[in-house]
1. Determine if region 96-104 includes at least one residue that is closer than 30 Å to Ile228 by Cα and more than 22 Å from the chain's Cα centre (by Cα).
2. Looking at (1) open to solvent by less than 10 Å² (accessible area, probe 1.4 Å); (2) on the phi > 0 side of the Ramachandran plot, which is the one condition that is false for Gly139?
3. Tell me which residues, restricted to region 169-178, are in contact (Cβ under 8 Å) with a residue 40 or more places away in the chain and either among the hydrophobic types (A, V, I, L, M, F, W, C) or part of a loop (DSSP other than H, G, I, E, B) (or both).
4. Going by the structure shown, is Val181 open to solvent by 40 Å² or more (accessible area, probe 1.4 Å), of a type outside the set (Phe, Trp, Tyr) and assigned to a helix (DSSP H, G or I)?
5. For region 1-112, which fully contained helices (runs of 4 or more DSSP H) count at least 2 residues that are of a type in the set (Ser, Thr, Tyr), in contact (Cβ under 8 Å) with a residue 24 or more places away in the chain and on the phi < 0 side of the Ramachandran plot?
6. Is it true that some residue in region 55-73 is surrounded by 12 or more Cβ atoms within 10 Å (Cβ to Cβ), closer than 16 Å to Glu201 by Cβ and either out of contact with any Ser or Thr (no Cβ under 7 Å at 6 or more places or on another chain) or not aromatic (Phe, Trp, Tyr) (or both)?
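The values are calculated or read from the model by the stated rules, or taken from the named source; none is laboratory data. As the structure is a prediction and not an experimental result, all values here were calculated from the model. All Cβ positions, even for glycine, are placed from backbone atoms using ideal geometry, and neighbour counts span all protein chains on display. Side chains are part of the model used for accessible areas, which takes the heavy atoms of the whole protein and leaves out ligands, DNA and RNA. Shrake-Rupley method; radii C 1.70, N 1.55, O 1.52, S 1.80 Å.
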Amino acid sequence: MNLDNAFLQTPLFGIFLSLIAFEIGVSISRKWKFSLLNPILIANVLIIGFLTCTGISLETYNIGGDVITLFMYPVTVVLAVPLYRQVHKLCKYFVPIMIGICVGSLTAMLSVILCSKLLHLSHTMMLSLVPKSITIPMGSVVSAQIGGIPSVTIIAIVVTGITGAVTAPLVCKIFRIKYPVAQGVAIGTTSHALGTTRAMEIGEIQGAMSSLSIGVAGVLTAVVAPYILQLF
């Protein structure tokens with residue numbers, strides 16, 4: 001398939017491809033309403049398939065893709081809006097919420113270390129996977145600081161987020177997590193911003209608590225991860 005090379009070398013190509021793929025994902029998700037048909041997951045599959053079939057390099061796509069990635073940093077701040085609307089819930093359940101986030105963050109890090117030991121992964125790979133449950137801006141920085149590979153960390157973060165967004169409702173149902181605050185804390189702590197988008201679809205309280213969990217879990221991971229790794 002031949003496309004205008006001049007167009008491919010502009011940011012518009014990556015931006016348009018991303019938007020079109022995501023819109024298709026949203027349409028499919030709305031039509032069939034199946035948890036595995038997550039718009040972000042569908043968009044990723046479509047983009048990878050398109051690039052593979054056309055032979056267009058990832059570097060070419062990233063000319064525009066990186067522009068979208070740039071907006072992830074300020075967009076994360078916008079997640080504070082639903083939290084502001086539910087600040088009374090935060091005040092009422094502050095201690096349980098903080099305990100839940102701390103336990104969730106520690107479990108996420110320790111589970112990576114344990115699985116890495118059991119699977120005999122290299123030390124560098126283990127370090128790269130430890131920040132998998134926090135946002136890309138925070139995770140990539142933490143990975144570099146502790147000696148991991150940021151690019152591997154970003155992939156792990158994306159996979160973790162998509163997995164959380166897809167399976168969150170099912171997991172809550174299986175473990176009978178019915179209280180909105182608990183649902184939000186669980187989703188945000190384990191699957192960061194991508195999971196939070198799903199939490200917001202479930203309910204405003206879930207979205208607010210999930211957005212709070214993103215920030216707290218990110219800071220906690222950045223502070224605690226180096227000390228936990230020293231123990232192993």
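1. Checked against the condition, which is being closer than 30 Å to Ile228 by Cα and more than 22 Å from the chain's Cα centre (by Cα), region 96-104 yields at least one hit.
2. The one condition Gly139 does not meet is (2).
3. Selection gives Leu170 alone.
4. It is false that Val181 is open to solvent by 40 Å² or more (accessible area, probe 1.4 Å), of a type outside the set (Phe, Trp, Tyr) and assigned to a helix (DSSP H, G or I).
5. Because the criterion is at least 2 residues that are of a type in the set (Ser, Thr, Tyr), in contact (Cβ under 8 Å) with a residue 24 or more places away in the chain and on the phi < 0 side of the Ramachandran plot, the helices (runs of 4 or more DSSP H) in region 1-112 that meet it are 58-70, 72-78.
6. For region 55-73, residues surrounded by 12 or more Cβ atoms within 10 Å (Cβ to Cβ), closer than 16 Å to Glu201 by Cβ and either out of contact with any Ser or Thr (no Cβ under 7 Å at 6 or more places or on another chain) or not aromatic (Phe, Trp, Tyr) (or both): absent.
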